[in-house]
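The values are calculated or read from the model by the stated rules, or taken from the named source; none is laboratory data. No experiment lies behind these values; they were computed from the predicted model shown. Note that we place each Cβ from the backbone using ideal geometry, even for glycine, and neighbour counts take in every protein chain shown. Heads up: the accessible areas ignore ligands, DNA and RNA and are worked out on the full protein's heavy atoms, side chains in. Shrake-Rupley method; radii C 1.70, N 1.55, O 1.52, S 1.80 Å.
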Amino acid sequence: MINADCSPLKAPLIFDSHSHYDDEGFDEIRDCLLNELPNNGVCGIVTCGCDKASCQKAISLAEKYDYIYAAVGIHPDNISTGTTVQDIRLLAESKNVVAIGEIGLDYFHNAENKTEQIKLFEEQILLAKELDLPVIVHDREAHADTLEILKKHKPKGVLHCFSGSVEMAAEILKLGMYIGIGGVITFKNAKKLPDVVKMLPMDRMLLETDCPYLAPEPFRGKLCHSAMIYYTAEKIAEIKDISLNEILEKTAENSKKLFGL
Ligand SMILES: [Zn+2]
């Protein structure tokens, strides 16, 4: 099922802090894959919901697999699905829910409903704070507004698939948040990201896939899964001149700390 080249790792060291295993891209292979990942170096996964239906699927996966945890939230691209913050509040009652996400701002896909996105983002941050859960934040081409809102509410959490500047990363670190690094770091056109990885302290870095998207090199464009984090970590180890095992161990420890595991 899993190509052995995907992860030569035998010890379960990989914690994938951001994935979408409810995605229909996994429909044909989901159970087979999720049964195999722990034998291919994976020790933990957070799968994020984006609206009510996908949050319910995320929770079912977390109920079925010991090493999988769920995050629930309304993604900015899913505003029109009709999912309400009250729905998220009820979903978050499941003991398998460890975060509110994926929430945030996306001005790349939707530039015409910024006000609505900001309102929903803020309401979900307030919910996370009330429930004492971390947030998993999506920011696509909305750096200034994302930063302003995070500074205003100071939630605990992670800015996932970080795409900002070194200066923005420094601001996020000042807020006590974590920064999620995914397969993009292995891409030749990852412009600012290597500098961000260079400056990022090891106690603030999380690894992630955002699968089924963003498979790292040498699998770019293929269906991505958590074992491929091996290649993301290998690139980070090279950039930071730290051993691969240390990168995997430290980032798994960070995820467990943030998500209270
Ligand atoms: Zn995502």
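Only one of L206, L248, L261 is at pLDDT 95 or above, buried (at least 24 other Cβ atoms within 10 Å of the Cβ), more than 16 Å from the ligand (Cβ to nearest atom) and on the phi < 0 side of the Ramachandran plot. Can you tell me which?
L248 is the lone residue from the list that is at pLDDT 95 or above, buried (at least 24 other Cβ atoms within 10 Å of the Cβ), more than 16 Å from the ligand (Cβ to nearest atom) and on the phi < 0 side of the Ramachandran plot.
Please go through the range 171-184 and pick out each residue that is more than 16 Å from the ligand (Cβ to nearest atom) and either open to solvent by less than 20 Å² (accessible area, probe 1.4 Å) or touching a Phe, Trp or Tyr at 6+ places or on another chain (Cβ under 9 Å) (or both).
Residues satisfying the conditions are I172, M177.
List pairs: first in the range 92-106 and among the charged types (D, E, K, R), second surrounded by fewer than 24 Cβ atoms within 10 Å (Cβ to Cβ) and assigned to a strand (DSSP E or B), Cβ under 9 Å, 6+ apart or cross-chain?
Sorted first by the residue in the range 92-106, then by its partner, the pairs are D106/R140.
I'm trying to understand the selection: among the residues of the range 151-166, which are open to solvent by 50 Å² or more (accessible area, probe 1.4 Å) and within 16 Å of the ligand (Cβ to nearest atom)?
Once the filter is applied, which keeps residues that are open to solvent by 50 Å² or more (accessible area, probe 1.4 Å) and within 16 Å of the ligand (Cβ to nearest atom), the range 151-166 yields only S163.
Looking only at residues that are open to solvent by 20 Å² or more (accessible area, probe 1.4 Å) and within 13 Å of the ligand (Cβ to nearest atom) in the range 211-234, which one is farthest from E102 (Cα to Cα)?
Only one residue fits best here, namely L214.
May I ask you to list the residues in the range 94-130 that are under 15 Å from F259 (Cα atoms) and more than 17 Å from the chain's Cα centre (by Cα)?
Passing the criteria: S94, K95, K129.
Taking the condition of being farther than 18 Å from N254 by Cβ and more than 16 Å from the ligand (Cβ to nearest atom), how many residues in the range 12-46 meet it?
Count: 14.
With the structure loaded, tell me whether A227 is in contact with a Leu (Cβ under 8 Å, 6 or more places away or on another chain) and either of a type in the set (G, A, S) or not in a helix (DSSP H, G or I) (or both) or whether it fails that test.
Yes, satisfied.
Would it be correct to say that Y21 is touching a strand residue (DSSP E or B) at 6+ places or on another chain (Cβ under 9 Å) and in a loop (DSSP other than H, G, I, E, B)?
So Y21 fits the description; yes.
Looking for something closer than 17 Å to S255 by Cβ, open to solvent by less than 30 Å² (accessible area, probe 1.4 Å) and not β-branched (V, I, T) - is there at least one such residue anywhere in the range 107-127?
There is no residue in the range 107-127 that is closer than 17 Å to S255 by Cβ, open to solvent by less than 30 Å² (accessible area, probe 1.4 Å) and not β-branched (V, I, T).
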